[in-house]
Each structure stands twice: as structure tokens, then as C-alpha cells.
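Each remark here refers to the structure printed beneath this line.
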Amino acid sequence: MKVGFIGLGNMGAGIAANLLKAGHEVTVYNRTASKAEPLVKQGARHALRVEDACGGDAVMTMLSDDSALEGVVFGDGGGADKAGNAGIVGTLKKGAIHISMSTISVALSQKLTTVHAEHGQRFVSAPVFGRPEAAEAAKLVIVAGGSDDAVNACVPLFEAIGQKTFRFGMNPADANLVKLSGNFLISSVIESLAEATALIGKAGLDKQQYLEFLTSTLFNAPVYKLYGTIIAGQKFEPAGFAAPLGFKDNRLVLAAAENLRVPMPLASLIYNRFLTLLAQGGDKLDWSAISKLAAEDAGQTKASS
């Protein structure tokens, strides 16, 4: 397929590289143009403006938040693009697909569904589960929402970047709600692991041994193994998923819960964990760094083994 890719951060660069490996014709755009250079060397075309990436069958976006996505969709991509950038919605041809892989609000997803339909375009929400290493290895899990014809057309792209795609109906925003709920569950795992290991650590037990026990018996699951290892080793840099993004996702799940009138007391607790971490200067740390707050509450300056 002929596809544009916008957003070459920790996740986007790996995804775009795998599209190229699968033989797709890829045009890449990023506000920081230098991030496109490695992909150009792999065969990608370099778009100097947002609209230059929107001439194909589809355009995929992987951006940090609602504001960044709205900027490229509606015409304020930043930098040189501020002069006459028509944005995705003003450029994408009729029938072409905008595939949003970003973790965004339910409200924005609903807005994009409407706006693209008004312009004769199709919109698919396809947020992913997986850290940068999974993106590089084409092992992402994709959650897709959108019309059957649009999602079916995206299958060759999804097969190039992920290990499995789950469909969640015709409404793109439903995929975003699933993604937000999943990130809430991951952050809940981080918090519960942090509290349990703080308890073990305060008693003088070996945290590494404890986590090996947990992740090989009761909680033999990838998310526990990954974050248990990070928590035990206090390896919060470089950030695979930065704390401000985790805070943003937590805020979005609470907004969705408020709209649906669903109390989420644990999400509220985790919201304050993120806010505390950021207040202490943790912007560049991995989102799992909220785990160190439990150790500090227990009087441990570091989560030592």
C-alpha cells in the first residue's frame, strides 16, 4: 500500500520501519526532520509538510496527545507547517483512511470520526499495546475500531507491524476506550507491585527473589515480568513510556469514566501518584517510576534489593 506515516517518536520509528520491510511505499513526516533520516536510508520518502504525507491510500499517525494530533489533522502542525498547512483532513483524498494509532481521548476520536466522514474520508482508531522494543520487533497488539471496509483495508498494514489485531466494532472511539482501560490496568499493576515490594523490602526480604517467585507462579504474565524487573532494578531511564504520557492516559480514562458516570477510585489514586512524580521532577522517567513513591512512603529512600 501507499501510506504516509506521521510521528517518528519512540514508537513511530519502529512501526514505520516495519512497514518498509513489508514492502509498503512509505512517506514519513516528523516535526523534527532529522528523525526521518534513518527511515529515508531504508527507502522511505521524506515529506517536508503534513500534506505531503497524505497522498496515498492511508495515513497513519502516532503522536503524543490530543493536541498534537489535532494539530496535524486540522492544519497546525507546527514549525514550517504553520504557513498554509491544510492538515490531514484538508488533504486526504476521498475514500482514503486516516489510521490513528495514538492514545487519545474518546471525545477526540468521536470528533475525528465525524469530521473525516464529512470530507468523504474514512477513519480507523488503532491504538497499540507494546513498548518501543515491541514496535521494533513487529510484536504490537493492535486494537482496531472502525467500519468493516476500512479496517479490512488496513489489515496488510496491521500484519506488518503487529502480532495480533483485535476488532472492537464499527465505532472508532470504542477502540480508544479499550486502550485507555488497558493502560489503567497496567498502571494498577505497577502500583500494586510497588506497594507489595515496598512491604517486602521494609521487612528486609530480597525484592528480586520475591518478584521472581511472583512472576513464575501466581502472576506469570508479561506485564508483571516486565514491570517487576523494572521496579526491582529501579531502571526508569531511558523511558520507554514517559511519565507525562502515563499521567495523560490516566487523566483521559478518568474523563471517560466521568462521562459514563463510572467511579474509578483506584484510577484517582494513580492520578495522584503521577502528579506527585511529576511535581518531584520525574518528567523524563519511565511511567513505572510511580513505583518508587510507595517505597518512599515506607521510609525507604530507594527501592533497594
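Every number in this text was worked out from the coordinates using simple rules, so none of it is lab data. Bear in mind the structure is a predicted one, so any value in this text is a computation, not a measurement. Using ideal geometry, Cβ is built from the backbone for each residue, glycine included, and neighbour counts are taken over all protein chains shown.
Summary of computed values
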| item | result |
| --- | --- |
| Convex hull projection area averaged over all views, the stretch 1-72, Cα basis, nm² | 4.2 nm² |
| Relative contact order (%) - criterion: Cα under 8 Å, at least six apart; region: the stretch 2-170 | 20 percent |
| Listed residues Ala33, Ala196, Asn152: farthest to the positive end of the dipole of the chain (Cβ charges) | Ala33 |
| Electrostatic dipole magnitude of the stretch 2-170 [Cβ: Lys, Arg +1; Asp, Glu -1; Cα centre; debye, to 20] | 240 debye |
| Candidates per trypsin sites (Lys or Arg not before Pro) in the stretch 188-289, loop by DSSP, up to 15 other Cβ within 10 Å | Lys235, Arg261, Lys284 |
| Angle in degrees between helix 12-21 and the longest Cα principal axis of the chain, rounded to the nearest 10 | 60 degrees |
| Those aspartates and glutamates that a straight Cα-Cα span of less than 17 Å connects to Lys21, excepting residues fewer than 8 apart in one chain | Glu37, Glu133, Glu136, Glu159 |
| The chain - mean residue ellipticity at 222 nm from DSSP helices (-39,500 (n - 2.57) per run, n ≥ 4, rounded to 500) | -15500 deg cm²/dmol |
| Over 29 Å between alpha carbons, listed pairs Lys2/Lys179; Lys139/Lys235; Lys41/Lys248; Lys93/Lys284; Lys179/Lys235 | Lys41/Lys248; Lys93/Lys284 |
| Tilt relative to the chain, helix 265-279 - C-alpha long axis, 0 to 90 degrees, to 10 | 90 degrees |
| Dimensions in Å of the stretch 53-175 - Rg and Dmax from alpha carbons | 13.8, 40 |
| Helix 243-260 vs. the chain, principal-axis angle (Cα, 0 to 90°, nearest 10) | 80 degrees |
| DSSP bridge orientation in the chain - percent antiparallel, rounded to nearest 5 | 15 percent |
| Set of aspartates and glutamates with alpha-carbon distance to Lys94 below 18 Å, sequence-local pairs under 8 removed | Glu51, Asp52, Asp57, Glu118, Asp148, Asp149 |
